[in-house]
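What follows is calculated from the coordinates using simple rules that are stated; it is not laboratory data. If you're wondering where the values come from, they're calculated on a predicted model, not measured in any experiment. Note: ideal-geometry Cβ built from the backbone for every residue, glycine included; neighbour counts use all protein chains shown.
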Amino acid sequence: MDDVTFADIQRAAERLRGVAHVTPVCTGRQLDEASGATAFLKCENFQRVGAFKFRGAYHAILMLPPEDQGRPIVTISSGNHAQGVALACRLLGREAHILMGGLSNPIKRQAVLGYGATIHEATDHLDAERKLPALLEQLNGVYIHPFNDPLVIAGQGAVMLEFLSTVPDLDVALAPVGGGGLLSGTCLAAHGINPKLKIYACEPAGALDAMHSVRENRVMPMPEPRTLAEGLKTSLGDVTLSVLRQHLAGFFVVEEEEIPRAMRFAFERLKLVIEPSSAVALAPLLRREPALVGKRVGVILTGGNVDLTAFFEQFERKA
């Protein structure tokens, strides 16, 4: 399976039925007033592991060929993909090994361990990539790429199939972009149903590698991305780049100060806990992007795994 088709996404959605949660679509009067649009939020923060990543990880592991059955699963991730792989392996009776590079969200790390995966330490993502071949050989493992894998992309595309089954008449869809797995699946699913639907990638100003890669038609990694949105620091792959170049209407660049503002709006006005990557997709609505005003806009809220330890510790001190 080298390419991903709309039919692949439909089949993936059927395989995920009864395993992945059908996540709610939320609306809010205050959001519509603030944005000048009619907004619909696909809440993957309510997905298993608290993020959309479970869909792709489970589907890719489920669909491994017979010769790979029983072999340990290995991946590189310090975040939601790590959790998705860990839980998928637990459900499918597989052994999970996660190479975590650099500082990781402690909430995500605890969840990975809680699902029974083994964590292998690395100083950063490059160090994790250097250690990967030796770990795969040692374990006779199978590598599940976080995004540049057609089976992962097909699983992620199920998000948009669900979204459009609930709100079929969207004008625009917004999603954050890191490696581009979710966004690729979103594009293919959306345009398989409605070729006229405009899809925009939302990317932090401190990690604009996807925008430059699409414009230059080659993967252009950013050596030192600087953004609160830890899940969006990854560069595109060759598979995701090809899909995005064909399907995207454009990019919305989000400044760092917009990210906590969008998180706070979601928390205070919508009663939704979203992580910084999700906030990057919400921010263009809140700043009233002209292309969105007056439109029916769908936003994929990708996850809600936020470390609120300091927040609650402050309340405990006051108590």
Would you list, by chain and number, the lysines whose Cα falls below 16 Å from the Cα of residue 318, excluding same-chain residues fewer than 8 positions away?
none
Of 207-220, 40-53, ordering from highest average Cβ density within 10 Å down gives 40-53, 207-220
Just how far, in whole angstrom, is the range 1-52 from the range 77-121 if you go by their alpha carbon centroids?
22
Can you list the GluC sites (Glu not before Pro) in the range 254-296 that are in a DSSP coil and have 11 or fewer other beta carbons within 10 angstrom?
257
Using the Karplus equation 6.51 cos²θ - 1.76 cosθ + 1.60 (θ = phi - 60°), what ³J(HN,Hα) coupling, rounded to whole Hz, does each residue of the range 52-66 give in order, writing x for Gly and Pro?
4, 4, 4, 4, x, 5, 4, 5, 5, 6, 4, 8, 4, x, x
Under a cut-off of 17 Å between alpha-carbon atoms, report the aspartates and glutamates in cross-link reach of residue 295, not counting same-chain residues fewer than 8 places apart.
32, 33, 169, 171
Can you spot the lysines whose alpha carbon is less than 26 Å from residue 53's alpha carbon? Ignore those fewer than 8 places along the same chain.
42, 108, 131, 198, 233, 271
Just to be sure I understand: with springs between alpha-carbon atoms less than 10 Å apart, which residue in 182, 301, 292 has the highest mean-square fluctuation in the Gaussian network model of the chain?
292
Labelled set (i) 18.5, 58; (ii) 22.0, 68; (iii) 20.6, 81; Rg and Dmax of the Cα atoms in Å computed from this model equals the value at (i)
For every helix of n ≥ 4 consecutive DSSP H residues, a contribution of -39,500 (n - 2.57) applies; sum these over the chain, divide by its total residues, and give [θ] at 222 nm rounded to the nearest 500 deg cm²/dmol.
-14000 deg cm²/dmol
